[in-house]
C-alpha cells in the first residue's frame with residue numbers, strides 16, 4: 001500500500017473501531033441485558049458471595065451474632081471422618097458416571113445410527129428415562145428396591161432365589177450400587193443423544209475410505225468413529241465429573257445418605273450439617289470447597305480441550 005493510501009485508510013480503520021465501540025456500549029442493548037443481569041446477581045452471585053463470607057464464621061442460622069473463625073471451618077473439614085467418607089462416595093459416583101452411562105450411551109447410539117427403520121421410535125423410547133426428574137426416579141427405584149413389595153425381591157423369590165433377596169437400600173454393602181444403577185438408568189439417554197449428534201458430524205467419506213481399505217466393523221469403530229467423537233466424549237466426561245461431585249437428589253430421595261452414612265455424599269452431608277445440625281458456617285465452608293473443586297475440574301477440561309485443539 002502506498003503512503004497516501006495508508007494515510008487514507010487509517011481514518012477509516014479508526015472510524016470502524018469507534019463505531020464498534022459505540023455498538024458495544026449501546027445503552028439500549030444494556031437495558032435489555034439489565035433484567036437478566038440483576039436476576040443473576042441477586043439469585044446467584046450475591047448468595048455465593050454471602051456463602052463464602054459465612055464460611056469464615058460460626059453461626060447457627062438464627063442468632064444475630066456471627067463469630068469470626070477464619071479458616072477453622074475448613075480445618076474442621078480436613079479432620080472430619082464423615083466428610084472424607086462422603087467424598088470417597090462422590091469419587092465412586094464420578095467413576096461410575098464416566099464408565100456406565102457413557103459407555104452404554106455410546107453402544108446404543110452406534111446401534112441406533114445403523115438402524116434403517118424405526119430409528120425415531122427407538123430414540124424416543126430410550127430417551128424417556130431422562131425426561132423424568134431425579135426425584136421421581138428416586139421414588140420409582142425406592143419402590144423397586146423395597147424389601148417386601150419390590151419387584152427385584154419378588155422375582156428372586158419367584159425363581160427360587162429367596163436367599164438372595166435383601167433390603168437393597170438398607171444394606172450398607174449394596175446401597176451405593178443400587179443408587180448408582182438407578183442413576184445409570186436415568187443418565188444413559190443423555191449420553192446416547194449426545195453421541196447420536198456427534199455421529200452425524202462424522203464425514204461419511206471416512207467410512208467409505210475405511211471400507212475400501214478393507215477395515216472391518218471393529219477397526220472402523222476404533223479408527224474412525226471414536227476419533228470423530230473426541231469432543232463429544234470430552235463434554236460427557238466433564239458432565240460426569242460435575243454430576244458425580246454434586247450428586248444429591250437421587251441419594252436424598254432414596255436413602256437420605258444412610259444407612260450409617262453408607263451412601264452419604266458431599267451434598268447430603270452439607271445439607272445435614274447446615275440445616276439439621278444448624279452448623280451453617282461449616283456447611284457454607286463445605287459448599288465453597290465443593291464449588292471450588294467443581295470449577296477446578298471444569299477449568300481443567302476446558303484447558304485440555306483448548307490445548308488439544
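Computed from the coordinates by the stated procedures, all read-outs in this text should not be read as laboratory data. Nothing here was measured: the structure is a model prediction, and the numbers come from that model. With ideal geometry, Cβ positions are generated from the backbone for all residues, glycine too; neighbour counts draw on all protein chains shown.
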Would you kindly state how much longer the chain becomes between residue 260 and residue 91 on full extension, computed as 0.36 nm times their sequence separation minus their alpha carbon distance, in nm to one decimal? 59.0 nm
Among [x] 42, 37, 17; [y] 32, 23, 17; [z] 36, 27, 17, which one is semi-axes √(5λ) of the Cα gyration tensor in Å computed from these coordinates? [x]
Under Stokes-Einstein, with the Kirkwood radius over Cα pairs standing in for Rh, what whole-number D in µm²/s applies to region 93-219 at 10 °C and 1.306 mPa s? 93 µm²/s
If you count, for each residue, the other Cβ atoms within 10 Å and average over each peptide, how do 28-38, 246-256, 80-90 line up from highest to lowest? 246-256, 80-90, 28-38
Could I have the simple spin-label model distance between residue 31 and residue 60, label points 7 Å from Cα toward Cβ, reported in nm to one decimal? 5.1 nm
Value at 222 nm in deg cm²/dmol, rounded to 500, when DSSP H runs of n ≥ 4 in the chain each add -39,500 (n - 2.57): -22500 deg cm²/dmol
Taking the highest mean first, how do the peptides 168-181, 200-213 order by number of other beta carbon atoms within 10 angstrom per residue? 168-181, 200-213
Assuming R0 = 25 Å, can you tell me the calculated FRET efficiency for the pair residue 200 and residue 302, based on Cβ-Cβ distance, to the nearest 0.05? 0.55
Descending packing, highest mean Cβ count within 10 Å first, for 127-134, 266-273 is 266-273, 127-134
FRET efficiency estimate (nearest 0.05) - Cβ-Cβ, residue 84 to residue 155, R0 35 angstrom: 0.40
So for R0 = 45 Å, FRET eff. of residue 181-residue 71 from the Cβ-Cβ r, to 0.05, ends up at 0.70
